[in-house]
Structure formats: structure tokens, C-alpha cells
1. What value, in deg cm²/dmol to 500, does the helix sum -39500 (n - 2.57) over DSSP H runs of n ≥ 4 give at 222 nm once divided by the residues of the chain?
2. Could you tell me the relative contact order of the chain? Use alpha-carbon pairs under 8 Å, at least six residues apart, and round to a whole percent.
3. What's the longest uninterrupted piece of the chain once you rule out the trypsin sites (Lys or Arg not before Pro) that are loop residues per DSSP with at most 11 other Cβ within 10 Å?
4. Can you tell me the length gained on complete extension of the stretch Ala33 to Glu82, counting 0.36 nm per residue apart and subtracting the Cα distance?
5. On the first, second and third principal axes, largest extent first, how far apart are the outermost C-alpha atoms of the chain in Å?
6. Give the Rg/Rh ratio for the stretch 20-66, taking Rg as the radius of gyration of the Cα atoms and Rh as the Kirkwood radius, to two decimals.
7. Hey, what's the chain come to in accessible area per residue, 1.4 Å probe, Å²?
8. Of the heavy-atom accessible surface of the chain (probe 1.4 angstrom), what whole percent is carbon and sulfur?
Amino acid sequence: MTETGSTEPNPRWSFDDERAYESARNRIGAVIAAYSARIGAADDAGDHVEADRLAEVSAGYEELRRGLSPDDKPEIARINAEFPELLARVRAGRQ
């Protein structure tokens with residue numbers, strides 16, 4: 001459904017644009033989830049300073065996801081290109 005409530009496709013975005021946008025949002029979500037796991041581990045270990053630091057970083061990614069629009073094609077391309085490696089670093093505790 002488009003912004004006007006019509007069921008007609010939005011001519012501003014192609015199927016590939018929409019797919020890339022959803023992929024970017026999912027990649028951001030995976031990074032946020034990885035940070036959540038690390039926050040939990042830090043809390044369990046009693047390292048609340050580290051947990052707070054990680055939560056602050058994660059909040060920045062949450063803000064990025066909230067602000068992302070299908071019109072942000074350069075940002076979407078950047079996220080889809082860079083976030084797989086970022087996710088690996090976060091999961092490995094290097095980010």
C-alpha cells in the first residue's frame with residue numbers, strides 16, 4: 001500500500017529498491033541484535049560500564065534504522081555493502 005492508501009505500486013521505488021531497503025533494515029537489525037547479546041553478556045559479567053557503552057553504540061544503530069527511508073539509496077547501498085563485515089566484528093567482540 002502506498003502513502004495515499006492506494007494499492008497501486010509506488011512509482012518512486014522499484015522492486016529492487018524495496019528489496020535493498022528491506023535488506024538494509026534487516027542488516028541493521030542483526031547488528032542491533034548482536035550488540036544486545038554483548039550487552040547481556042557484559043551485564044551478566046558485572047561489567048556495567050561496558051554494557052552502557054555498548055548500549056550507547058547500539059542506540060546509534062537503532063536511530064539509523066528508524067531514520068532510513070527507501071529514498072536513501074546511497075545510504076542503503078553503504079549499509080548493504082559494509083554491514084556484513086560490521087556484524088562479524090560485533091559478534092567477534094571487535095567493534
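The values are calculated or read from the model by the stated rules, or taken from the named source; none is laboratory data. Source: prediction; values computed, not measured. Cβ coordinates were reconstructed from backbone atoms using ideal geometry, including for glycine residues, and neighbour counts include every protein chain displayed. Just so you know, the surface numbers come from the protein's heavy atoms only, side chains and all, with ligands and any DNA or RNA stripped out. Shrake-Rupley method; radii C 1.70, N 1.55, O 1.52, S 1.80 Å.
1. Computed ellipticity for the chain at 222 nm equals -25500 deg cm²/dmol.
2. 37
3. 13-93
4. Answer, rounded to one decimal: 16.0 nm.
5. 53, 26, 15
6. Values: Rg = 11.7 Å, Rh = 10.9 Å.
My calculation puts Rg/Rh at 1.07.
7. On the way: 6080 Å² over 95 residues.
I get 64 Å² per residue for this part.
8. About 51 percent, which is the carbon plus sulfur part of the accessible surface.
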